[in-house]
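Trainee: Here's a structure for you.
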Protein chains: 2
Amino acid sequence: MRGRPTTFNQDQILEKAQRAFWEKGFAATSLDDLLNATGMGSGSFYNTFKGGKKELFSKALQQRRQVFQEFKTQLKTSPSPIDDIKDFFRSIATADRDTHLRGCIISNTVVEMTFLDDALEKEAVTILKEVEAMFTWAIKQAQENGTVKNKTAPELLGRYLITVWNGLNISRRMYPNTKALSDLINLQLSVIG
Amino acid sequence: MRGRPTTFNQDQILEKAQRAFWEKGFAATSLDDLLNATGMGSGSFYNTFKGGKKELFSKALQQRRQVFQEFKTQLKTSPSPIDDIKDFFRSIATADRDTHLRGCIISNTVVEMTFLDDALEKEAVTILKEVEAMFTWAIKQAQENGTVKNKTAPELLGRYLITVWNGLNISRRMYPNTKALSDLINLQLSVIG
DNA sequence: TTATTTTTGTATCGATTAATACAAAATAGA
DNA sequence: TCTATTTTGTATTAATCGATACAAAAATAA
């Protein structure tokens with residue numbers, strides 16, 4: 001390809017933008033914030049992201065989505081997916097303070113975008129539903145091989161778990177400490193059995 | 001008192017501002033939005049709310065807080081407070097679509113303000129903790145008179161219920177319909193027993 | 001009526017917003 | 001080398017942001 005070569009790495013740019021959006025949301029993160037966070041000038045920025053701020057935000061969401069996808073791929077090879085999911089929830093409790101305060105960028109986006117941008121809100125909802133489908137799959141699996149005795153419909157238990165996730169990501173900001181959260185998480189997981 | 005009399009009613013102004021903030025959050029609700037929603041001119045606005053947009057937002061939060069306080073007062077005279085709380089949760093499922101999409105203005109504020117405004121974030125967290133304390137009180141009450149057999153510490157069950165609230169207010173935007181939510185809510189309430 | 005006080009409406013402020021214009025820089029292919 | 005193509009850096013845009021200035025309007029107290 002002919003022309004001046006790019007000096008910026010797309011994935012690194014997206015990760016830095018993602019971090020900025022994660023903390024302050026879409027509206028409160030200014031273009032200046034993004035240029036400072038990524039080190040780009042506005043020339044490169046609008047050359048790379050022709051759709052402007054919204055395109056960057058969408059790409060940042062999709063980069064975050066990849067992390068969930070990778071977890072899902074990992075689950076497929078696990079001897080006990082439901083236990084991995086339970087471990088994932090239990091590990092939330094021991095995260096550091098800033099991680100608690102940030103919550104989940106996808107849930108945050110649902111909250112912020114509902115009355116602001118239909119496309120971005122739907123994108124976030126879709127990702128949450130993908131995570132929910134992963135929960136449902138793991139529960140169904142565990143019910144079939146007898147690991148989980150609970151006979152409740154796996155779809156309902158999956159919906160329960162995504163709601164636990166959504167709830168924790170707000171409650172962990174009320175109590176950003178391990179002690180308060182671990183009892184809570186264990187109580188919530190006890191529903192699955 | 002001497003001087004030109006006010007033409008605006010404070011409570012009505014706050015309710016209209018609250019509705020605007022509830023849908024779009026603090027940052028995305030412009031002063032123009034607020035002036036249109038309330039019908040005030042900027043002269044009256046800054047004369048009434050010397051602290052500007054932030055003071056108005058804080059007052060709107062406090063007006064919402066009053067609704068929770070009134071529910072609490074009502075609970076004190078109830079023969080079975082915990083059943084009233086369960087009914088409250090069950091009634092969420094039958095709300096209309098827009099009510100689902102709006103979620104809880106207090107939870108929304110925690111999400112938005114964490115890295116933007118310490119005072120407003122703390123204000124919102126405090127209100128959520130007040131609601132949590134109400135849950136805890138009702139559970140303790142019910143455990144003492146035998147209505148609730150579950151021996152789990154009331155503080156933990158209260159923390160559980162506020163997390164259910166936080167989670168529902170995101171999940172109801174994923175599934176803004178009665179059928180999906182009522183099964184979910186019943187499952188979550190089954191933990192209390 | 002007059003003086004005093006407060007609210008209201010309008011015009012406007014400087015700052016910040018997201019986004020563009022455009023030339024210089026840096027490469028690849030001819 | 002020369003030309004075509006792309007990226008980069010800087011200057012600048014129009015629009016909107018939250019907030020203020022200030023005089024007219026409207027009341028009360030003297």
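The values are calculated or read from the model by the stated rules, or taken from the named source; none is laboratory data. These numbers come from a predicted model, not from an experiment. Because the Cβ atoms are built from the backbone with ideal geometry, glycine has one as well, and the counts that use them run over all protein chains shown. Surface accessibility is based on the protein's heavy atoms, side chains included, excluding ligands, DNA and RNA. Shrake-Rupley method; radii C 1.70, N 1.55, O 1.52, S 1.80 Å.
Trainee: Enumerate the calculated ³J(HN,Hα) couplings along region A:178-185 in order (Karplus 6.51 cos²θ - 1.76 cosθ + 1.60, θ = phi - 60°), each rounded to whole Hz, writing x wherever the residue is Gly or Pro.
Mentor: 4, 4, 5, 7, 5, 4, 4, 5
Trainee: Taking the alpha-carbon set of chain B, what are its Rg and Dmax in Å?
Mentor: 18.9, 62
Trainee: I've got another one for you. Among the listed pairs A:LYS53/B:LYS122; A:LYS86/B:LYS129; A:LYS16/B:LYS122; A:LYS129/B:LYS122; A:LYS59/A:LYS122, give every one whose C-alpha distance is greater than 19 Å. Each step should come with its number before you reach the end.
Mentor: Numbers: A:LYS53/B:LYS122 29 Å; A:LYS86/B:LYS129 27 Å; A:LYS16/B:LYS122 27 Å; A:LYS129/B:LYS122 31 Å; A:LYS59/A:LYS122 14 Å.
Over 19 Å apart, Cα to Cα: A:LYS53/B:LYS122; A:LYS86/B:LYS129; A:LYS16/B:LYS122; A:LYS129/B:LYS122.
Trainee: While we're here: Just flag the chymotrypsin sites (Phe, Trp or Tyr not before Pro) in region A:3-105 sitting in loop per DSSP whose Cβ has no more than 15 other Cβ atoms within 10 Å. Walk me through the numbers before you get to the answer.
Mentor: Numbers: sites: A:PHE8, A:PHE21, A:TRP22, A:PHE26, A:PHE45, A:TYR46, A:PHE49, A:PHE57, A:PHE68, A:PHE71, A:PHE88, A:PHE89; in loops: A:PHE8, A:PHE49.
Of the chymotrypsin sites (Phe, Trp or Tyr not before Pro), the ones in loops of region A:3-105 whose Cβ has at most 15 other Cβ atoms within 10 Å are A:PHE8.
Trainee: I would also like to ask the following. Only helical DSSP H runs with n ≥ 4 go in: add -39500 (n - 2.57) per run for chain B, normalise by residue count and round the 222 nm mean residue ellipticity to 500 deg cm²/dmol.
Mentor: Values: 10 runs with 146 residues, N = 193.
Calculated from helices alone, the mean residue ellipticity at 222 nm is -24500 deg cm²/dmol.
Trainee: Can you give the local net charge around A:GLU112? Use residues other than it whose beta-carbon is closer than 12 angstrom to its beta-carbon, Lys and Arg +1, Asp and Glu -1. Walk me through the intermediate numbers first.
Mentor: Values: positive: A:LYS24, B:LYS24, B:ARG173; negative: A:ASP117, A:GLU121, B:GLU23, B:GLU112.
Every neighbour counted, the sum reads -1.
Trainee: Suppose a student asked you for the relative contact order of chain A, using Cα pairs under 8 Å spaced at least 6 residues apart; what percent would you report?
Mentor: That works out to 22 percent.
Trainee: Let me ask you something else. On the protein heavy atoms, probe 1.4 angstrom, tell me the percent of accessible surface of region B:1-70 carried by carbon and sulfur.
Mentor: On the way: 1990 of 4240 Å².
Summing carbon and sulfur atoms, their accessible area is 47 percent of the total for region B:1-70.
Trainee: Could you please put B:LYS140, B:LYS53 in sequence from largest to smallest accessible area, using a 1.4 Å probe?
Mentor: Numbers: B:LYS140 100, B:LYS53 45 Å².
Accessible-area ranking of B:LYS140, B:LYS53, largest first: B:LYS140, B:LYS53.
Trainee: Across region A:3-13, in residue order, what do the Karplus-derived ³J(HN,Hα) couplings come to in whole Hz, using 6.51 cos²θ - 1.76 cosθ + 1.60 with θ = phi - 60° and x for Gly and Pro?
Mentor: x, 4, x, 6, 9, 9, 8, 3, 4, 5, 4
Trainee: List the residues of region A:109-146 for which accessible area in the full set of protein chains is at least 30 Å² lower than for the chain on its own; 1.4 Å probe, protein heavy atoms only.
Mentor: Flagged in region A:109-146: A:VAL110, A:VAL111, A:THR114, A:PHE115, A:LEU116, A:LYS129.
Trainee: Could you give the dipole magnitude of region B:119-193 about its Cα centre, charging the beta-carbon of Lys and Arg +1 and that of Asp and Glu -1, in debye to the nearest 20? Please report the intermediate quantities before stating the final value.
Mentor: Numbers: 9 positive and 7 negative charges, 45 e Å.
That gives a dipole near 220 debye.
Trainee: Not counting ligands, DNA or RNA, and with a 1.4 Å probe, what is B:GLU15's accessible surface area in Å² rounded to the nearest 10?
Mentor: My reading of the accessible area for B:GLU15 is about 120 Å².
Trainee: Please give, to one decimal in nm, the separation of the simple spin-label points placed at A:LEU101 and A:LEU31, each 7 Å out from Cα toward the Cβ.
Mentor: The answer from the label model is 2.9 nm.
Trainee: Return one whole number: the accessible area per residue of chain B in Å², for a 1.4 Å probe. Don't jump to the answer; show the numbers that get you there.
Mentor: Working: 9100 Å² over 193 residues.
Here the per-residue accessible area is 47 Å².
Trainee: Using a 1.4 angstrom probe with every protein chain in place, what is the largest-first accessible-area order of A:TRP137, B:TRP165?
Mentor: Values: A:TRP137 75, B:TRP165 20 Å².
Descending accessible area places them as A:TRP137, B:TRP165.
Trainee: Right, next: Compute the separation of the alpha-carbon centres of region A:82-109 and region A:120-193 and state it in Å as a whole number.
Mentor: Cα centres, region A:82-109 to region A:120-193: 11 Å.
Trainee: Okay, next question. If you average the C-alpha positions of region A:44-79 and of region B:53-76 separately, how far apart do those two centres end up, in angstrom?
Mentor: 39 Å
Trainee: Hey, another quick one. Chains A and B: how much accessible area gets covered up at their contact, both sides added, probe 1.4 Å, in Å² to the nearest hundred?
Mentor: Summed over both sides, the interface buries about 3800 Å².
Trainee: Here's something else I'd like to know. Tabulate in residue order the Karplus-calculated ³J(HN,Hα) for region A:37-49, using 6.51 cos²θ - 1.76 cosθ + 1.60 with θ = phi - 60°, rounded to whole Hz; enter x for Gly and Pro.
Mentor: Going residue by residue, I get 5, 8, x, 7, x, 5, x, 4, 4, 6, 6, 7, 10 Hz, with x marking Gly and Pro.
Trainee: Also, I was wondering about something else. Given Cα pairs under 8 Å that are at least 6 residues apart, what percent is the relative contact order of region A:121-176? Please list the in-between numbers first.
Mentor: Details: 29 pairs, mean separation 20.3, N = 56.
So the answer I get is 36 percent.
Trainee: Quick one: net charge around A:ASN47, please, counting Lys, Arg +1 and Asp, Glu -1 for every other residue with C-beta under 14 Å from its C-beta.
Mentor: On the way: positive: A:ARG4, A:LYS50; negative: A:GLU55.
Neighbourhood net charge equals +1.
Trainee: OK, next. Which value, in debye to the nearest 20, gives the size of the charge dipole of region A:17-167 about its Cα centre, when Lys and Arg are +1 and Asp and Glu are -1 at the Cβ?
Mentor: Working: 20 positive and 19 negative charges, 56 e Å.
The calculated dipole for region A:17-167 is roughly 260 debye.
Trainee: Among the aspartates and glutamates, which have Cα under 18 Å from the Cα of B:LYS179 when same-chain residues fewer than 8 positions away are ignored?
Mentor: A:GLU132, A:GLU155, B:ASP87, B:ASP96, B:ASP98
Trainee: Return, ordered by residue number, the residues of region B:119-153 whose backbone nitrogen is under 15 Å from a label point located 7 Å along Cα→Cβ of B:LYS54.
Mentor: The answer is B:119-124.
Trainee: Follow-up question, since we're still on this one. Order A:THR126, A:THR152, most accessible first, counting only protein heavy atoms with a 1.4 angstrom probe. Can you show the working numbers first?
Mentor: On the way: A:THR126 75, A:THR152 40 Å².
Per-residue accessible area, sorted high to low, gives A:THR126, A:THR152.
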